[in-house]
1. Just to be sure I understand, how many residues within region 87-112 are small (Gly, Ala, Ser) and buried (at least 23 other Cβ atoms within 10 Å of the Cβ)?
2. If you scan region 279-308, which residues turn out to be under 30 Å from residue 77 (Cβ atoms) and crowded, with 19+ Cβ neighbours inside 10 Å?
3. Of everything in region 4-23, what is surrounded by fewer than 16 Cβ atoms within 10 Å (Cβ to Cβ) and either free of Cβ contacts under 8 Å to residues at least 12 places away in the same chain or of a type in the set (S, T, N, Q) (or both)? Give them in sequence order.
4. Only residues in region 137-155 that are within 11 Å of residue 116 (Cβ to Cβ) and open to solvent by less than 60 Å² (accessible area, probe 1.4 Å) count as the first member; pair them with residues that are at pLDDT below 85 and in a helix (DSSP H, G or I), Cβ under 6 angstrom, at least 6 apart or cross-chain, and list the lot.
5. Taking residue 209, is it of a type outside the set (Ser, Thr, Tyr) and either surrounded by 22 or more Cβ atoms within 10 Å (Cβ to Cβ) or modelled with pLDDT under 90 (or both)?
6. I'd like the residue in region 161-200 that is touching an Asp or Glu at 6+ places or on another chain (Cβ under 8 Å) and modelled with pLDDT under 85 and, out of all such residues, is nearest to residue 269 (Cα to Cα).
7. Which numbered condition trips up residue 219, out of (1) over 25 Å from residue 49 (Cβ atoms); (2) modelled with pLDDT under 95; (3) open to solvent by less than 20 Å² (accessible area, probe 1.4 Å)?
8. Go through region 1-54 and give me each residue that's at pLDDT 95 or above and among the basic types (Lys, Arg).
Amino acid sequence: LEPDEPNPYDSRGELYGNSGQAELSLQSFLKAIQIDSNFVSAYRGAVAMTMFLRRYEQADQLSRPLLSHASPDLRSNSRRWRVRLAVHQGAFSEALRRGREAVQRDREDFGESMNLMFSIGTLSNVYAHLGNLDAMREYASRMQAISEAMDPTGFANLLTLSLVAVWEARAGQIERSDSLLAALKSLEISDPVSDSQFYFATVAENAFAKEDYARALEYFIRSASDHRDFYGQYWLGRGYAGAGRLRDAVSTYESAGDTYDQSRWDAPFESVLLRYHLGVAYEKSGRADKAIEQYREFLDIWKDADVELDELKDARKRLVELQS
């Protein structure tokens, strides 16, 4: 109906991505950009799809010019996008460098702002996944200070408390996670679960870290019920796996793997680690051929990783054992 407007092509790109058709999604986003070279969300989608398709040179070509775009918001977004691109390639040191630069540039462009908070959160998330808890906490405290100053009882603070509680739980810092979860529950906002996915996922990951898999699964299910996106399905799969429900874990992981949506773009570590966890679930289910396929894919994506994550070590070991 509107063949010369970018938005329908952008929306179609999102639908293709949500249904696992990354190539068609990319072409639709590129069409939107061709129509309007300033259509921000189409750039985000195009860069995301080229990342998922592992066309990193094309992703770089799409994102690099945006670093000097006239729009400060687009410059800020593109800096965070390039952090995700580096993570997906296993260039973790480069991701940290880009993350620190994004924080510096956002402070220059915006001062204390939501853009700065999101860039700090992106950097803190990389540190958390790489096991540098001191750096994670340093940047997370800055993120929390901004969120409390801007909106002490609203979404920004809810998001910040949730993320930091999750990072502490994953790192095995249970007391710290418990304290943050208590602060999260005590927020005096009109709807304490205004973003239920963040709240329920925080409770679930806290329980998961305590190896209380029944409670973790209960809350992962609650989190995913209203959010049938990649992130919800990924963690629901982890919940099923922890509870020993391997068939459900496999089907949920497979569903997550067929989804290229905004939440997956926001979670580049989980996007790649899905391959590892699906491989483990296949292996424990007695499906060695499928497990080998996933381990190989996982190791190939991060073949040039400059930090030796535990999952990489374990995948290599499991692959050798399965092939022997």
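The values are calculated or read from the model by the stated rules, or taken from the named source; none is laboratory data. As the structure is a computational prediction, the values presented were derived from the model and not from experiment. As a convention, Cβ positions derive from the backbone with ideal geometry for all residues, glycine included, and neighbour counts pool all protein chains shown. Quick note on the areas: whole protein, heavy atoms, side chains included, nothing else; ligands and nucleic acids left out. Shrake-Rupley method; radii C 1.70, N 1.55, O 1.52, S 1.80 Å.
1. Filtering region 87-112 down to residues small (Gly, Ala, Ser) leaves 90-91, 93, 95, 99, 102, 111.
Restricting the remaining residues to those that are buried (at least 23 other Cβ atoms within 10 Å of the Cβ) gives 95, 99, 102.
Going through region 87-112 one residue at a time, the tally reaches 3.
2. First, pick out the residues of region 279-308 that are under 30 Å from residue 77 (Cβ atoms): 297-298, 300-307.
Correct list: 298, 302.
3. Within region 4-23, 7, 11, 15, 19 qualify.
4. 143/160; 147/156; 147/157; 147/160
5. no
6. The residue in question is 197.
7. Single failed check for residue 219: (3).
8. Once the filter is applied, which keeps residues that are at pLDDT 95 or above and among the basic types (Lys, Arg), region 1-54 yields 12, 31, 54.
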